[in-house]
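See structure below.
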Amino acid sequence: MTTTPTTAKLPDTDLQPAPYTGPSRDEVLALRQEYLNPGLITYYREPINIVDGKMQYLWDDTGKRYLDAIAGIVTVSVGHCHPKIVERVRDQVGKLCHTTTIYLHPTIAQYGQALAERFPAGSNLKVTYFTNSGSEANDLAILMARMHTGSFEVISLRNGYHGGSPGTMALTAHSTWKYPVPSSSGVRYATPGYCYRCPLGLEYPSCDIKCASGIEDLIRYETPGQVACFIGEPIQGVGGVVDPPPEYFKIVYDIVRKYGGLCIADEVQTGFGRTGKHFWGFENWDVVPDMVTMAKGMGNGAPIGACTTRPEIAKKMADRLHFNTFGGNPVSMIQGLTTLEIIDQDGIQENALTVGTHLKNRLLELQDRHPLIGEVRGKGLMLGMELVKDRQTKEPATEAAADITEEAKNRGLLIGKGGLFGNVLRIKPPMCLTRDDADFIVDCLDEVMQSIA
Ligand SMILES: Cc1ncc(COP(=O)(O)O)c(C=O)c1O
């Protein structure tokens, strides 16, 4: 484990991990190399052995503390091991872990109701099918869209990410992630609204949002003229925190619906207050989807996912038997229910807005000082900084992004990286982040950027 001294100071905390007595980093690394699938990547050149987590902080096996600014890839929403969740889950595990949905259990029913209450009034987004992951939720949404519309063709966005099952890998048109799966599975790829690197070489707003309206030609010429659905992330996460022009989703949804398709919002990263002003990412764009898929932050670290839709769309699922052994199990459900409760009680969404706005403003100041930062973007506590070697040519600074994440880690800050070229720093912390934590993120990145300049 390398530690670089830093003048940027990790905020003090009363939180303390229990003494760690398990295997060391080197022992764990050796076990992993011998016994785990080599497809499992570690994030850092010098991997770290994270053994404890409390709220926005993580500790490694040596007791070194880190500020977690990537939250298990946007998965921990209200804080690692939030005491209220720990208490409720302990209680549930002691009572009943599993039966499957063949019996009634209060938690799944109560959570279904609690989720329905989070959707816009009048949307009738009301009925939920619970899964164990975002991939499963997206697979299910596509299945339901195909059954409901009788059409097969699916449109997803280039640069998007929807999961690791064969079905969702086909939706994921992102050549550096997973395996590109041929579109023979009925998937066509549309142009995302990525203004910083407009795929059409145009400029907003004189572009007339052709990235969105072009979907009509895609449907006319590359499908039988009818589609089952469109799926898109309200802000592309893995793709590098890509938020489209404000009109984008409205144009796309209107066209897709004109050709008989349903619209799916993949809220796996953007849901549960992450974007600050709204509970769901789609609400930022003034659209209402026909289906919403979710996972990650909904369970604050539990393996959980879900697809919510309108009753008339979901009805088809009752034609045959569709069964998920662990989907909706009482332990995940209590974790989901308690997470919702904490989002309200701890003012989590408001915090994502206020601390997120402060953090973004400070990152914009950082951009003034470091030519490496081509763009700062995102909403709430879903922020990204795209790094470039030259602001004119926008040549991706991929190596610098890797160096910065590595060096930030040495100084006690864990951030993500992503984007088409691996040159976007992704900042998506647990949403209990404080203003002092936000200042540490910026001060630490400032120092790291100076050190590598
Ligand atoms: C937007 C989005 N959708 C779907 C998924 C897949 O979720 P899971 O890994 O839980 O299957 C991810 C995972 O990163 C994601 O970011």
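The values are calculated or read from the model by the stated rules, or taken from the named source; none is laboratory data. Computed from a prediction, not measured in an experiment: that's the story for all the values here. Cβ: placed from backbone, ideal geometry, glycine included. Neighbour counts: every protein chain shown.
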Task: Condition check for T308: touching a helix residue (DSSP H, G or I) at 6+ places or on another chain (Cβ under 8 Å) and either among the basic types (K, R) or in a strand (DSSP E or B) (or both) - done: yes
Open item on the list: Being in contact with a helix residue (DSSP H, G or I) (Cβ under 7 Å, 6 or more places away or on another chain) and over 16 Å from A137 (Cβ atoms) is the filter here; which residues of the stretch 311-320 pass it?
Closed with: K316
Open item on the list: Every residue in the stretch 20-48 that is closer than 15 Å to G63 by Cα and touching a residue at least 40 places away in the same chain (Cβ under 8 Å), please.
Closed with: Y20, I48
Open item on the list: Against the definition (at pLDDT below 95 and small (G, A, S)), how does A114 come out, yes or no?
Closed with: no
Task: Qualifying residue in the stretch 287-298 (condition: out of contact with any strand residue (DSSP E or B) (no Cβ under 6 Å at 6 or more places or on another chain), within 13 Å of the ligand (Cβ to nearest atom) and either hydrophobic (A, V, I, L, M, F, W, C) or free of Cβ contacts under 8 Å to residues at least 60 places away in the same chain (or both)) - done: yes
Task: Subset of the stretch 372-400 [of a type in the set (G, A, S) and either on the phi > 0 side of the Ramachandran plot or not in a strand (DSSP E or B) (or both)] - done: G378, G380, A397, A400
Open item on the list: I want to confirm something. Restricting to the stretch 141-163 and keeping residues that are surrounded by fewer than 23 Cβ atoms within 10 Å (Cβ to Cβ) and aliphatic (A, V, I, L, M), which single residue is farthest from the ligand (Cβ to nearest atom)?
Closed with: M147
Task: Pair list, Cβ < 7 Å and 6+ apart or interchain, from the stretch 309-333 residues that are among the charged types (D, E, K, R) to residues that are buried (at least 21 other Cβ atoms within 10 Å of the Cβ) and outside any helix (DSSP H, G or I) - done: R310/L125; R310/D290
Open item on the list: So, G225, is that one more than 19 Å from T191 (Cβ to Cβ) and within 12 Å of the ligand (Cβ to nearest atom) or not?
Closed with: no
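Yes/no per residue for (1) farther than 30 Å from G164 by Cβ; (2) modelled with pLDDT of 95 or more; (3) not assigned by TED's automatic domain parsing to the domain that holds E233:
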residue	(1), (2), (3)
M298	no, yes, no
T308	no, yes, no
I313	no, yes, no
K316	no, no, no
R320	no, no, no
N329	no, yes, no
M333	no, yes, no
G356	no, yes, yes
L359	no, yes, yes
Open item on the list: Just to be sure I understand, how many residues within the stretch 265-283 are among the aromatic types (F, W, Y) and under 12 Å from A352 (Cα atoms)?
Closed with: 2
TODO: Look at the stretch 116-140 and say how many of its residues are hydroxyl-bearing (S, T, Y), away from the ligand (no atom under 12 Å from the Cβ) and touching a Gly at 6+ places or on another chain (Cβ under 8 Å).
DONE: 2
Open item on the list: Checking the conditions here, which among K409, K389 is modelled with pLDDT of 95 or more, over 22 Å from G273 (Cβ atoms) and surrounded by fewer than 18 Cβ atoms within 10 Å (Cβ to Cβ)?
Closed with: K389
TODO: Return yes or no: is Q367 assigned by TED's automatic domain parsing to the domain that holds W59, in a helix (DSSP H, G or I) and of a type in the set (S, T, N, Q)?
DONE: yes
Task: Test for I342: is it touching a Ser or Thr at 6+ places or on another chain (Cβ under 9 Å) and surrounded by 15 or more Cβ atoms within 10 Å (Cβ to Cβ) - done: yes
Task: Restricting the stretch 229-261 to residues that are assigned to a loop (DSSP other than H, G, I, E, B) and of a type in the set (D, E), the residue that is farthest from the ligand (Cβ to nearest atom) - done: E247
Task: Residue match in the stretch 170-192 (condition: part of a helix (DSSP H, G or I), within 15 Å of the ligand (Cβ to nearest atom) and either on the phi < 0 side of the Ramachandran plot or modelled with pLDDT under 90 (or both)) - done: yes
Task: First in the stretch 150-171 and among the aromatic types (F, W, Y), second anywhere and within 11 Å of the ligand (Cβ to nearest atom) and at pLDDT 95 or above, Cβ under 8 Å, 6 or more apart - done: Y161/E233; Y161/Q236; Y161/G237
TODO: Return the total of residues in the stretch 262-284 being outside any helix (DSSP H, G or I) and either among the polar types (S, T, N, Q) or at positive phi (or both).
DONE: 6
Open item on the list: Going through E222, E216 one at a time, which residue ends up being modelled with pLDDT under 95, assigned by TED's automatic domain parsing to the domain that holds R257 and not β-branched (V, I, T)?
Closed with: E222
